[in-house]
Structure formats: C-alpha cells, structure tokens
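Taken together, the values in this text are just the output of simple stated rules run on the coordinates, not laboratory data. All figures in this text were calculated on a predicted structure; none of them were measured in a lab. Cβ sites come from the backbone with ideal geometry, for glycine too, and all protein chains shown count toward neighbours.
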Amino acid sequence: MRHLKAGRHLGRNATHRHALMRNLTRALIEHDRIITTVEKAKEVRPFVEKLVTLAKQNTLHSRRLAVARLHDKTAVAKLFKEIAPRFTDRKGGYTRIVKRHERRLGDAGQTAYLEFLKEGETKIRSRQPAPPPAPKVSAPPAENPTPPAT
C-alpha cells in the first residue's frame, strides 16, 4: 500500500530528484520558459511557486532560505529583483503548463512548456459563455397509436 507516498519518483532517488528540481527551477528563472516532460513540469511547479511566494516577502531571511533551496545566488537575485515584483498582486498560480503536441525524440515522451505568467496576465483566458439550452419540444400526441382490434 502506498499510503502517504505522494509525488512522483521520476525514476530517481531522493537526492537526484532534488537536484532535478533545482536545475529545472534555475532554468525556468533564467529563461522564463522551458520545455520538459509533463510529469516533470507537474512536479516542479509547486517547488517554483513556493520560491516565488518566498521571494515576494523580500526579507533577508527569505533570501537565505531561497539560496539554501536553489544553491545559486544569481538565480535568487533575478528571482527577487525581476520575477517576484511581477506577482505582488497575485495570491498564487505564477506558472502555467502548456502541453505540446511534439513528442520527445528518444522515447516519445509527452512534452510541455513550463512558463511564468506575464505581468497582468491571467491563467484562464476569457471564454465565450455557453449558449442557452434549446427549448424542449414535445411531440404531438399520436392520433391512434394502436390499431383497432377486429
């Protein structure tokens, strides 16, 4: 039974997974958009969003915590100076996962974009409201549904 075993292992041990999360996060901070597998994108999203929430506090303690989690001072500096100020009005949901139709070349794994939202952008685009349901049309009663008995 897998009780309390949440999260994907991604075919790696714990230290390799943490290194993967750090590397993907660094790449996302540096480039604002990365291409990775859907599973990795879904796993790294909470890690990135917690770091952005931490960076929004902009205190020395939060900066030290971010450096301890990322192990890269230049990425932390960009996170605090450029990325976190974009999201001062947002409560969460700083990233978006967009699935791609192209598969990975080696093993045909499904790929996706993981990207930060732009300033003032919302996750869900405005959609047209659904049309109202069609009125119910009742069939007119049949004149003589059963033939007469002879």
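Listing 52, 38, 76 from fewest to most neighbouring C-beta atoms within 10 Å gives 38, 52, 76. Rounded to the nearest 0.05, the FRET efficiency derived from the C-beta distance between residue 31 and residue 4 at R0 = 30 Å is 0.30.
Summary of packing: across the peptides 57-65, 102-110, the per-residue average of other C-beta atoms within 10 Å ranks them, highest first, as 57-65, 102-110.
Once the Cβ-Cβ distance of residue 89 and residue 130 is raised to the sixth power relative to R0 = 25 Å, the FRET efficiency obtained is 0.25.
The aspartates and glutamates whose alpha-carbon is closer than 16 Å to the alpha-carbon of residue 73, local same-chain residues fewer than 8 away aside, are 30, 82. In this structure, the residue pairs whose Cα-Cα separation is over 24 Å, taken from 56/78; 50/81; 40/81, are 40/81.
Could you work out the relative contact order of the chain? I mean the mean sequence separation of Cα pairs under 8 Å and 6+ apart, divided by the number of residues, in percent. Relative contact order comes out at 24 percent.
The residue among 46, 66, 111 whose Cα reaches farthest toward the positive pole of the charge dipole of the chain, with charges on the beta-carbon of Lys, Arg, Asp and Glu, is 66. Based on DSSP H runs of at least 4 residues, each adding -39500 (n - 2.57), what is the mean residue ellipticity at 222 nm of the chain after dividing by all its residues, to the nearest 500 deg cm²/dmol? So the helix-based figure for the chain works out to -12000 deg cm²/dmol.
Shape descriptor for the stretch 1-61: Rg over Rh equals 1.02 (Cα atoms; Rh from the Kirkwood inverse mean 1/r).
Among 112-120, 5-13, sorting by the average number of other beta carbon atoms lying within 10 angstrom of each residue, highest first, gives 112-120, 5-13. When the Cα atoms of the chain are aligned to their principal axes, the ranges along those axes come out at 96, 39, 35 Å in descending order. Across the stretch 52-139, how large is the tail of the calculated P(r) beyond 19 Å, expressed as a percent of all Cα pairs? Across the stretch 52-139, Cα pairs with separations above 19 Å total 61 percent.
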